[in-house]
């Protein structure tokens, strides 16, 4: 009897909880993407979720197989005028050159130290990689974590004067939550290093570190000064996520073909979007097009910038998107709001 | 009013559900590890979970940070007389040699083709790796998946005449479930290739493919005969999980130090157990000792076998376990039952 009474009390509490849940679920279900304007991009996302979560649909996907992949730079947050991680690494170049003075007359360090923003912005991605690997090596994983967190807390984006972690796109945050609310596991696959993004992925995107894939250097097991075991970041590239590397390494790490993939750049999103879309059943490949010079930035095919520029969407990739039935998001037209802190 | 009535009905249903849950939770809570004999190993696991999930304890671990890692061969399932994956690869050596006849006079293929079980069992792990990589290359990831599933459905262990997937240890299955019921995310980190284990990890262990780390070869993006994008398994080793590689690559893939780690072999578990135990707060490092020649196998220090034998627990690692406060499971004394299908 005691057990039964306790259950009844628990039942009442559950009824209240269930009531609250019902109401808020309904509200979310009515408009799960409030920062989106109605249009084909929003509709495609809604249709994809409806199709793949409806048991009576032939394209139903069981919950354990629902995988959604997101590029970070230019897809989940601002990447212009420079990738945030590269800004972090540039701030470490001084210390690196102090330790190795011979680097100061060598490219790409020479250009970085010159402070010439225009020249810096033109550095090829491979040379940026070299700086990232060089500046993010030699310390334990714990020391690296402390340093990144400290930098993120202090650094400010030059245009909006805000922490970089404020520069995530609200409409994409809504997509992340909407997909998760519908049983999807959300992953980040970045061209940058996984370690950097893992420092804030859970807090900023609700994505745990283990679901962040990226370019990765080697880690070396050893013993610290106190004799305790350590892992040290080594200047050796193991996983290179540029180009086709992003989908090759996504498979290596997770053994999954995404059902949905979101990207923006010809440098590292084209092949994972192709591979996602080519899978059986309902598939969603989405490209974020940066065409809003007023509220964010405009770059890519409309501006005729070369493919090597940071985050560029090439004309070829844009054409492929149209031919293959990918969804192209116009930031200008599809997004009602871009940042959560905008009025 | 309509909404309120619906909520009340839902409330009643919830009460029944909550009632059922309460009872079965209680039953599980009373004895979450029924296949274990009472003793220090069982107690250590129970204490670890109690400590890390109790909010009032200084060693409480927030749910999002609860990470438990498990070796597979010899820890979650039988690894003797040969690793299951190696048996699979041996079954593919014939086809490989047919395609490349020059291999048949070259070691280690010569020994494998001889059928001399004793000589085969003595092949060094690195040479086994060579066979694994060679036989698991050249096909698309889909073709590989089909082949592994087909083989697993047909193959039988020579001693018990059962599918290999029946040879998982019931007490460890209980630990997996117990940890997950307490908010832990469970991962496999195997010395074998991740791809093989991912074919059955969800079904057999309740661990999704993306939480299986392992030795890994490269994948190459390309186009199949029909022009559709493909990923092909390449004969190039990218992640080597032997020795310290297991923890180095675990960090590379997930950016996490486990709170709990379970292993059995000096070949690939020692360093991840060290690194786990050296972390702050409550940490659990567990070694499975194979000392039951009747119900399973007996090998390792008690038998004085050399360290290069499959899955051996060296005397040095056994001593380290005792010195560092790791838990050593005696299969003979700590496990009431070993397999789920035993009467």
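Just so it is clear, none of the values below were taken in a lab; they were calculated from the coordinates. Quick caveat, the model's predicted, so the values are computed rather than measured. Cβ placement follows ideal geometry from the backbone for every residue including glycine, while neighbour counts extend to all protein chains displayed.
Figures for the structure shown
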| item | result |
| --- | --- |
| Exposure proxy order (Cβ contacts within 10 Å, fewest to most) of B:118, A:274 | B:118, A:274 |
| Average beta-carbon neighbours from other chains, 10 Å sphere, peptide A:208-219 | 5 |
| Choice from A:263, A:304, A:224 showing the highest fluctuation, given a GNM over chain A with Cα pairs closer than 10 Å | A:224 |
| Distances in nm from residue A:142 to the matching label points in the other copies, shortest first (labels 7 Å along Cα to Cβ) | 4.8 |
| For chain B, built as a Gaussian network whose Cα springs stay under 10 Å, the top-fluctuating residue of B:251, B:36, B:160 | B:160 |
| Values of log10 I(q)/I(0), in the order q = 0.07, 0.15 Å⁻¹, for chain B under a Debye, Cα-only, solvent-free model | -0.33, -1.31 |
| For B:265, A:343, order by how many other beta-carbon atoms lie within 10 Å, fewest first | A:343, B:265 |
| Shielding by partners, peptide A:246-252 (average Cβ within 10 angstrom, other chains) | 6 |
| For peptides A:42-51, A:284-293, B:186-195, sequence by mean Cβ density within 10 Å, most packed first | B:186-195, A:284-293, A:42-51 |
| Part-to-part distance (alpha-carbon centres) for the stretch B:122-173 and the stretch A:274-291, which is given in Å | 34 |
| Acute angle (nearest 10 degrees) that the helix B:315-324 long axis makes with the longest principal axis of chain B, alpha-carbon atoms | 20 |
| GNM result for chain B, Cα springs below 10 Å: residue of B:108, B:229, B:258 fluctuating most strongly | B:229 |
| The stretch A:64-204 - Debye-derived log10 I(q)/I(0), Cα point model, q = 0.08, 0.12 Å⁻¹ | -0.25, -0.54 |
| Residue exposure sequence - A:82, B:113 - by fewest surrounding Cβ within 10 Å | B:113, A:82 |
| Crossing angle, helix B:40-53 versus chain B [Cα axis fit, 0-90 degrees, rounded to tens] | 60 |
| Shortest-first distances to equivalent copies, position residue B:102, nm, label 7 Å out along Cβ | 4.0 |
| Per-copy distances of the residue A:117 label point, shortest first, in nm (7 angstrom along Cα→Cβ) | 7.4 |
| Spread of Cα-to-Cα distances over 20 Å intervals beginning at zero, given as percent, for the protein assembly as shown | 16, 47, 33, 4, 0 |
| Relative contact order of the stretch B:165-263, pairs being alpha-carbon contacts under 8 Å that are 6 or more residues apart, as % | 21 |
| The stretch B:92-175, relative contact order in percent, only Cα pairs under 8 angstrom and at least six apart counted | 18 |
| P(r) histogram, all alpha-carbon pairs of the stretch B:266-337 included - 5 Å bins from 0, percent | 3, 16, 27, 23, 17, 9, 3, 1 |
| Rounded tilt (10° steps) of A:141-154 against the dominant C-alpha axis of chain A | 80 |
| Relative contact order [Cα under 8 Å, 6+ residues apart], chain A, whole percent | 21 |
| MRE, 222 nm, helices only [DSSP H, n ≥ 4, -39500 (n - 2.57), over chain B, to nearest 500] | -13000 deg cm²/dmol |
| Average other protein chain Cβ within 10 Å of Cβ, residues A:253-259 | 6 |
